[in-house]
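Data first, discussion second: the structure below is written as structure tokens.
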């Protein structure tokens with residue numbers, strides 16, 4: 001003999017399922033916690049060591065859109081739902097290593113190259129908003145020997 005589950009329990013299970021389906025992809029870490037930025041396929045020779053980037057640390061002190069962007073008419077039109085692992089245009093190299101990879105129809109030929117994009121984004125934040133005691137402020141502070 002089978003018993004039917006109470007209506008309120010079915011509603012609760014349904015609500016949990018809807019939440020998992022709607023928000024699950026956003027709860028999955030969008031990036032590895034720490035990874036090496038090397039772009040060896042873009043840079044055949046390096047002047048400095050690669051950068052070990054702590055994504056989790058940066059997420060603790062900055063908003064996603066502080067770093068990830070797609071500007072139209074001076075406004076960042078990138079949305080949080082655009083930021084998921086494997087999405088085109090999420091990594092700096094997607095737009096700055098090969099111009100227009102993601103936003104081909106909107107490509108601006110004045111877009112910075114990859115090195116300039118990294119340096120502008122990182123150096124500006126580290127020098128203007130990061131206290132001297134909490135983050136690197138020199139080239140070799142980020143470009144450490146592996």
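Quick notes
- The stretch 29-142: Rg to Rh, with Rh as the Kirkwood radius over Cα pairs: 0.94
- Between residue 94 and residue 138, the simple label model (points 7 Å from Cα in the Cβ direction) yields a spacing of 3.5 nm.
- On full extension, the segment bounded by residue 42 and residue 145 gains 35.1 nm, given 0.36 nm per residue less the C-alpha separation.
- Across the stretch 29-142, Cα pairs under 8 Å and at least six residues apart give a relative contact order of 17 percent.
- Three principal axis lengths of the stretch 41-91 [C-alpha, angstrom, descending]: 34, 26, 23
- Added length on full extension, which subtracts the Cα-Cα distance from 0.36 nm per residue, residue 80 to residue 66: 3.9 nm
The numbers here are math on the coordinates, done by the rules we state, and not lab data. None of these values were measured; they are calculated from a predicted model. Note: ideal-geometry Cβ built from the backbone for every residue, glycine included; neighbour counts use all protein chains shown.
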